[in-house]
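**Student:** Okay, here's the structure, questions in a sec.
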Protein chains: 2
Amino acid sequence: MTMTRKRRSQVLPFSRVSIIGLGLIGSSVARAVRQQMPTVRLTGHDADADVRVRADALGIVDDVTDTLGAAVTDAELVILCVPVGAMGAVAAEMAADLPIEAVVSDVGSCKAEVIRALTAALPGATIVPAHPVAGTEQSGPEAGFASLFNRRWCIVTPLPDGDPVATERVAEFWRRLGSMVEIMAPDHHDRVLAVTSHLPHLIAYTIVGTANDLAEVTQSEVIKFSAGGFRDFTRIAASDPTMWRDVFLANKEAVLEMLQRFSEDLSHLQRAIRWDDGDTLHDLFSRTRTIRRSIVDQGQDDAAADFGRKHD
Amino acid sequence: MTMTRKRRSQVLPFSRVSIIGLGLIGSSVARAVRQQMPTVRLTGHDADADVRVRADALGIVDDVTDTLGAAVTDAELVILCVPVGAMGAVAAEMAADLPIEAVVSDVGSCKAEVIRALTAALPGATIVPAHPVAGTEQSGPEAGFASLFNRRWCIVTPLPDGDPVATERVAEFWRRLGSMVEIMAPDHHDRVLAVTSHLPHLIAYTIVGTANDLAEVTQSEVIKFSAGGFRDFTRIAASDPTMWRDVFLANKEAVLEMLQRFSEDLSHLQRAIRWDDGDTLHDLFSRTRTIRRSIVDQGQDDAAADFGRKHD
């Protein structure tokens, strides 16, 4: 569609973008912008001087600034790619240098708490919270890549009195990076992600810890025989510790509620095993297969067996 | 090493192998034998007539027999690749046709209960239980492939009075298929696998069921936003329902004990979240990263981020 392509290139949503936090997500946003919107002027900053040096060497943004203020002073869009618990402090620190017409967005995994922190720190600013549902277990500027958001959902959670034009610009920004955009209320976002992301991470962290603590099964045995299922859990249990600590504390209520439901369901299965109730087990195990098929059908996971792992 | 290769080819551990059960594992054993020991005469049987027809059409064994007796009557090695709960009945049914010198092995995921069933059904037979720690979430003869066992561990759990020569022949058989062999006591095997395989499967089945049952988060939302972590659990929750029902019932005690420990650890984290104890969370999340690294270092999982999933 030439028409569409032409119109798209005319309405570049932002021409000067600042990325605060140059880890896995921030550096992937930078790379994706460079690839998909090459004329955008990219500025980056990270609180960690070592990360700044590495990001600069990687050349993923046009300028890496030494101060937060210098990174935002000329921005049309500022994206906060820092742990959820750091959003408020970072926003407060940049408030004085933020241009009045700039749009502030973020990539945080919980939205109600981030909105509370950002609106408190940036009264009067145009805030459009967003959450790209994508990532890997790796961290740091070297771990990012341009296609991370491609064909993944990005959930935009506008404020009740949010600017619809700014919302559409942020949505279009993510579409340009390859994402599919969903608009959602912040509270609903937090409940959906508690199930599809936060609870899975919490459980993966738990079971990997449980296995590590067993006295009678050595750690080397756990590692050797991990191909029986355990290794699938270790991937997400290798995710960034600070990011995830913040997520659980920031989305506490929804996580605790989902955890309660999970524990009830687990007790139900525990009882079925204890009382040799094979039918209850078989019924559940048959239902869960269907969900996997839907995820593969909708392109949210690899269709190949075993995640398409190499079997050479 | 020409010497080694030559000597190996002289001591083919078995020249006539019968595979009972032609699903994912049985058909993979057949394919791997065909590839690694092409002179072996392969016979196969499955209780399901439809599976027999499909296996025959795939040509994965030399002969698919209509009866179990015909499949074992000429065998040097009989490998039972059926669900753990079916082992006893299958062994009893083939007892009358089993040659006295044949070695009987299996691929079951729990060993103490399988040993109990096989020794009861086949008094006097030479039994060498084994468990290749490998698999995918798919089922059926079409899902198998020759490299499934390559660089994976196969745990051999000889009986206390087991024949050491037969044990070594079965171990060599698995080495020929590409596996690394570990000898282990059956009870210890069942405890190790309860942690590295059975508990992960039980938890994955539970959380996928929990997500499916939520009223306020639609199933389409669970599927859409599964890339946040949930999808990793759905892979193993798509595993064969009959096989896994049998595993939990057969390894009941070890599974219930590990489940108890897991539940305690989960309650500990739940409490940390409720009381904003970020340090407890961060400490655990840092420890679990190390385990992932070891699994990758030891070649038991893909080193690429995100399981090496395609990000195109």
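**Student:** Starting from residues that are more than 14 Å from chain B (Cβ to nearest Cβ) and surrounded by fewer than 24 Cβ atoms within 10 Å (Cβ to Cβ), keep the ones in the range A:104-117 and report whichever is nearest to A:PRO164 (Cα to Cα).
**Tutor:** Residues of the range A:104-117 that are more than 14 Å from chain B (Cβ to nearest Cβ), as a first pass: A:104-106, A:112, A:114-117.
With the extra rule that they be surrounded by fewer than 24 Cβ atoms within 10 Å (Cβ to Cβ), the set shrinks to A:112, A:115-117.
Details: A:ALA112: 19, A:ILE115: 16, A:ARG116: 19, A:ALA117: 21 Å.
Ranking the candidates gives A:ILE115 first.
**Student:** Would you confirm whether any residue within the range B:19-39 is without any contact (Cβ under 8 Å) to a residue 60 or more places away in the chain and either under 25 Å from B:ALA134 (Cα atoms) or buried (at least 21 other Cβ atoms within 10 Å of the Cβ) (or both)?
**Tutor:** yes
**Student:** As an exercise: evaluate B:ALA254 against (1) of a type outside the set (S, T, N, Q); (2) assigned to a helix (DSSP H, G or I); (3) facing chain A (nearest Cβ under 7 Å); (4) in contact with a Lys or Arg (Cβ under 7 Å, 6 or more places away or on another chain) and give the number of the one condition it does not meet.
**Tutor:** Looking at each condition in turn, B:ALA254 falls short on (3).
**Student:** Still on this model: Among the residues of the range A:195-214, are any outside any helix (DSSP H, G or I) and within 25 Å of B:VAL133 (Cβ to Cβ)?
**Tutor:** Taking the range A:195-214 first, the residues outside any helix (DSSP H, G or I) are A:214.
Now restrict to residues that are within 25 Å of B:VAL133 (Cβ to Cβ): A:214.
There is at least one residue in the range A:195-214 that is outside any helix (DSSP H, G or I) and within 25 Å of B:VAL133 (Cβ to Cβ).
**Student:** Does the range A:260-275 contain any residue that is of a type in the set (Asp, Glu) and modelled with pLDDT of 95 or more?
**Tutor:** Yes, some residue in the range A:260-275 is of a type in the set (Asp, Glu) and modelled with pLDDT of 95 or more.
**Student:** Collect the residues in the range A:215-247 that are more than 7 Å from every other protein chain (Cβ to nearest Cβ) and free of Cβ contacts under 8 Å to residues at least 24 places away in the same chain, keeping them in residue-number order.
**Tutor:** So the first thing to find is which residues in the range A:215-247 are more than 7 Å from every other protein chain (Cβ to nearest Cβ), and the list is A:215, A:218-220, A:239-240, A:243, A:246-247.
Residues satisfying the conditions are A:ALA215, A:THR218, A:GLN219, A:SER220.
**Student:** In addition: Do any helices (runs of 4 or more DSSP H) lying entirely in the range B:1-116 carry at least 2 residues that are modelled with pLDDT of 95 or more and closer than 30 Å to B:ALA254 by Cα, and which ones are they? Show your work before the answer.
**Tutor:** On the way: elements: B:2-10, B:24-36, B:49-58, B:68-72, B:87-94.
So the answer is B:24-36, B:87-94.
**Student:** Is it the case that B:GLY178 is farther than 30 Å from B:ALA57 by Cβ and either free of Cβ contacts under 8 Å to residues at least 60 places away in the same chain or not assigned by TED's automatic domain parsing to the domain that holds B:GLU257 (or both)? First the steps, then the outcome.
**Tutor:** Details: farther than 30 Å from B:ALA57 by Cβ: no; either free of Cβ contacts under 8 Å to residues at least 60 places away in the same chain or not assigned by TED's automatic domain parsing to the domain that holds B:GLU257 (or both): yes.
Here the answer is no, as B:GLY178 does not meet what is asked.
**Student:** Regarding A:ASN212, is this residue more than 7 Å from every other protein chain (Cβ to nearest Cβ), out of contact with any Phe, Trp or Tyr (no Cβ under 8 Å at 6 or more places or on another chain), among the polar types (S, T, N, Q) and within 27 Å of A:GLN138 (Cβ to Cβ)? Don't jump to the end; show me each part of the working.
**Tutor:** Values: more than 7 Å from every other protein chain (Cβ to nearest Cβ): no; out of contact with any Phe, Trp or Tyr (no Cβ under 8 Å at 6 or more places or on another chain): yes; among the polar types (S, T, N, Q): yes; within 27 Å of A:GLN138 (Cβ to Cβ): yes.
No; evaluated as a whole, the condition is false for this residue.
**Student:** Here is a follow-up. Conditions first: (1) at the interface with chain B (Cβ under 9 Å from one of its Cβ atoms); (2) in contact (Cβ under 8 Å) with a residue 40 or more places away in the chain; (3) not hydroxyl-bearing (Ser, Thr, Tyr). A:GLU172 passes all but one, so which condition is the exception?
**Tutor:** (1)
**Student:** Between B:THR234, B:THR218, B:THR288, which is buried (at least 22 other Cβ atoms within 10 Å of the Cβ) and closer than 18 Å to A:LEU259 by Cα? Working first, answer last.
**Tutor:** Numbers: B:THR218 fails: buried (at least 22 other Cβ atoms within 10 Å of the Cβ); B:THR288 fails: closer than 18 Å to A:LEU259 by Cα.
Checking each option against the conditions leaves just B:THR234.
**Student:** Can you tell me which residues in the range A:264-289 are more than 7 Å from chain B (Cβ to nearest Cβ) and assigned to a helix (DSSP H, G or I)?
**Tutor:** Within the range A:264-289, the first condition is being more than 7 Å from chain B (Cβ to nearest Cβ), and the residues that meet it are A:264, A:267-268, A:271-272, A:275, A:277, A:279-280, A:283.
Correct list: A:GLU264, A:SER267, A:HIS268, A:ARG271, A:ALA272, A:ASP279, A:THR280, A:ASP283.
**Student:** What pairs come out if I take residues in the range B:189-202 that are more than 7 Å from every other protein chain (Cβ to nearest Cβ) and pair them with residues that are assigned to a helix (DSSP H, G or I) and of a type in the set (A, V, I, L, M) whose C-beta lies under 7 Å away, six or more apart or interchain?
**Tutor:** B:ASP190/B:ALA112; B:ASP190/B:ALA254; B:ALA194/B:ALA254; B:ALA194/B:VAL255; B:ALA194/B:MET258; B:HIS198/B:VAL247; B:HIS198/B:VAL255
**Student:** Determine whether B:VAL170 is farther than 22 Å from A:SER220 by Cβ, surrounded by 23 or more Cβ atoms within 10 Å (Cβ to Cβ), touching a strand residue (DSSP E or B) at 6+ places or on another chain (Cβ under 7 Å) and among the β-branched types (Val, Ile, Thr).
**Tutor:** On the way: farther than 22 Å from A:SER220 by Cβ: yes; surrounded by 23 or more Cβ atoms within 10 Å (Cβ to Cβ): yes; touching a strand residue (DSSP E or B) at 6+ places or on another chain (Cβ under 7 Å): yes; among the β-branched types (Val, Ile, Thr): yes.
Criteria met by B:VAL170.
**Student:** Would you mention how many residues in the range A:107-146 are in contact with a strand residue (DSSP E or B) (Cβ under 7 Å, 6 or more places away or on another chain) and among the polar types (S, T, N, Q)?
**Tutor:** Total satisfying the criteria: 3.
Per-residue answers, yes or no, for (1) outside the structural domain of B:LEU24 (by TED's automatic domain parsing); (2) among the small types (Gly, Ala, Ser):
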| position | (1), (2) |
| --- | --- |
| B:ALA121 | no, yes |
| B:ILE127 | no, no |
| B:ALA146 | no, yes |
| B:PRO160 | no, no |
| B:SER197 | yes, yes |
| B:THR206 | yes, no |
| B:THR218 | yes, no |
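**Student:** Out of the range A:130-141, which residues are farther than 24 Å from A:VAL170 by Cα, in contact with an Asp or Glu (Cβ under 8 Å, 6 or more places away or on another chain) and within 7 Å of another protein chain (Cβ to nearest Cβ)?
**Tutor:** A:GLU137
**Student:** Collect the residues in the range B:142-158 that are more than 8 Å from chain A (Cβ to nearest Cβ), of a type outside the set (Gly, Ala, Ser) and surrounded by 17 or more Cβ atoms within 10 Å (Cβ to Cβ), keeping them in residue-number order.
**Tutor:** B:PHE149, B:CYS154, B:VAL156, B:THR157, B:PRO158, listed by residue number.
**Student:** With respect to B:ASP240, is the statement that it is closer than 17 Å to A:THR206 by Cα and in contact with a Phe, Trp or Tyr (Cβ under 9 Å, 6 or more places away or on another chain) true?
**Tutor:** no
**Student:** Could you please find all residues in the range B:290-312 being facing chain A (nearest Cβ under 7 Å) and in a helix (DSSP H, G or I)? Steps first, please.
**Tutor:** Within the range B:290-312, the subset facing chain A (nearest Cβ under 7 Å) is B:291-292, B:294-295, B:298, B:300-302, B:305-312.
Once the filter is applied, which keeps residues that are facing chain A (nearest Cβ under 7 Å) and in a helix (DSSP H, G or I), the range B:290-312 yields B:ILE291, B:ARG292, B:SER294, B:ILE295, B:ALA305, B:ASP306, B:PHE307, B:GLY308.
The values are calculated or read from the model by the stated rules, or taken from the named source; none is laboratory data. Not measured: the values here are computed from a predicted model. Note that we place each Cβ from the backbone using ideal geometry, even for glycine, and neighbour counts take in every protein chain shown.
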